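A.B. asks: This is the structure I want to talk about, given as C-alpha cells.
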Amino acid sequence: MAEIVIRNTNERIAGEENVRAFLEQQGVIYESWETTKLPEEYQTNFVLNDEQKQDILDIYDGEIKDLAARRGYKIWDVITLSDSTPNLSDLLNKFEEVHTHTEDEIRAIVAGKGIFVIKGAGDLGYFDVELTAGDVISVPENTNHFFTLMANRQIIAVRLFVEENGWISQPVNDPDFQKA
C-alpha cells in the first residue's frame with residue numbers, strides 16, 4: 001500500500017482512501033493489482049531472465065490489457081533492479097534527475113519497493129509516493145518527477161508505453177527541487 005510524504009512539511013499520508021484522494025487531486029492515477037497472483041519465487045527473486053519476465057507479463061496479462069485499452073498503451077515490459085544489477089548506482093544517479101515526458105509514466109510494482117518523487121500543484125512542492133507490491137501509479141505527462149528505489153534497493157515493475165521507443169525524458173532544472 002502506497003504512502004505519501006510531502007517533502008516541505010514531512011506530513012505522511014497513509015491509508016488507501018487518503019492516498020488515492022491526494023493523488024487524484026494531483027492528477028496522478030493510482031490503482032492496485034492483486035499481489036497473490038505472483039508466485040513466491042518471483043516475489044523474492046530480483047534477478048530475472050527474459051522467460052521469467054514474460055511469465056510475469058502473462059500472469060498480469062488481463063490487468064495490462066485493461067490498462068492498455070483504457071489509456072492507449074501499445075507496448076510493455078518488466079524491469080527489475082537490485083544490488084545484482086550491473087552499475088545500479090550509476091542507473092540510480094541517472095534516474096534521480098528531475099525530468100518530464102510527453103506521455104504519462106506508469107509503473108505497476110509487482111515485487112519490492114520504489115519511490116516516485118513528483119512535483120505537486122501550486123505551492124505544495126515535491127512529494128514522495130512510496131510504492132510497494134500491488135501499487136500501480138501513472139504520473140501525468142509534462143509533470144516534473146523521477147523514480148528511484150527505497151532502502152532495500154529491490155524492485156520488479158511492469159512499465160507500459162504509448163511510444164514504441166519508450167519514454168523520452170526531458171531534463172528539468174527546477175530550483176524548487178532539493179534532494180532529500
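A.B. asks: Past 18 Å, Cα to Cα: identify those pairs from Lys37/Lys65; Lys65/Lys119; Lys37/Lys74, in the order given.
C.D. replies: Those over the limit are Lys65/Lys119; Lys37/Lys74.
A.B. asks: With the full set of protein chains in place, find how many percent of the accessible area of the chain is carbon and sulfur; take the probe as 1.4 Å.
C.D. replies: 44 percent
A.B. asks: When only alpha-carbon atoms are used, what values of Rg and Dmax, in angstrom, describe the chain?
C.D. replies: 15.6, 46
A.B. asks: Quick one: which residues, 5 or more positions from Asn144 or on another chain, have an amide H under 5 Å from its amide H? H modelled 1.01 Å from N in the peptide plane, none for Pro or chain starts.
C.D. replies: Distant-sequence amide H within range of Asn144: Lys119.
A.B. asks: Let me ask another. Which GluC sites (Glu not before Pro) does the range 34-89 hold that lie in a coil by DSSP with at most 13 other beta carbons within 10 Å?
C.D. replies: Here the GluC sites (Glu not before Pro) that fit, given the DSSP loop and packing criteria, are Glu34.
A.B. asks: How many percent of the alpha carbon pairs in the range 1-55 exceed a separation of 19 Å?
C.D. replies: I get 50 percent for the Cα pairs in the range 1-55 exceeding 19 Å.
A.B. asks: Show the residues, 5+ positions off or on another chain, whose built amide H is closer than 5 Å to the amide H of Ile29.
C.D. replies: It is Ser138, by chain and number.
A.B. asks: Which whole-number percent gives the relative contact order of the chain, counting Cα pairs below 8 Å spaced six or more residues apart?
C.D. replies: Rounded, it is 31 percent for the chain.
A.B. asks: Starting from the Cα of Leu91, step 7 Å along the direction of its Cβ; do the same at Met150; then give the gap between the two resulting points in nm.
C.D. replies: Placing both labels 7 Å beyond Cα along the Cβ direction yields 1.9 nm.
A.B. asks: Mind ranking 129-138, 168-177 by how tightly packed they are, going by the mean number of other C-beta atoms within 10 angstrom, highest first?
C.D. replies: Most protected by this proxy first, the peptides run 129-138, 168-177.
A.B. asks: What longest range of the chain stays clear of loop-exposed trypsin sites (Lys or Arg not before Pro) (DSSP non-H/G/I/E/B, at most 12 other C-beta within 10 angstrom)?
C.D. replies: 75-178
A.B. asks: Give me, ordered by chain and number, the residues 5 or more places off Val110 or on other chains with an amide H under 5 Å from its own placed amide H.
C.D. replies: Gly134, Ile156, Ala157, Val158
A.B. asks: Further question: Roughly what % of Cα-Cα distances in the range 93-149 sit above 14 Å, to the whole percent?
C.D. replies: 52 percent
A.B. asks: Averaged per residue, what accessible area in Å² does the range 106-180 show with a 1.4 Å probe, protein chains only?
C.D. replies: Counting only protein heavy atoms, the per-residue value for the range 106-180 is 42 Å².
A.B. asks: Shifting gears a bit: Using a probe radius of 1.4 Å on heavy atoms only, what accessible surface per residue do you get for the range 25-105? Whole Å² is fine.
C.D. replies: Ligands and nucleic acids excluded, the figure is 56 Å² per residue.
The values are calculated or read from the model by the stated rules, or taken from the named source; none is laboratory data. For clarity, every value in this text was computed on a predicted model and none was experimentally measured. Cβ coordinates were reconstructed from backbone atoms using ideal geometry, including for glycine residues, and neighbour counts include every protein chain displayed. Surface areas here come from the heavy atoms of the whole protein model, side chains and all, with no ligands, DNA or RNA. Shrake-Rupley method; radii C 1.70, N 1.55, O 1.52, S 1.80 Å.
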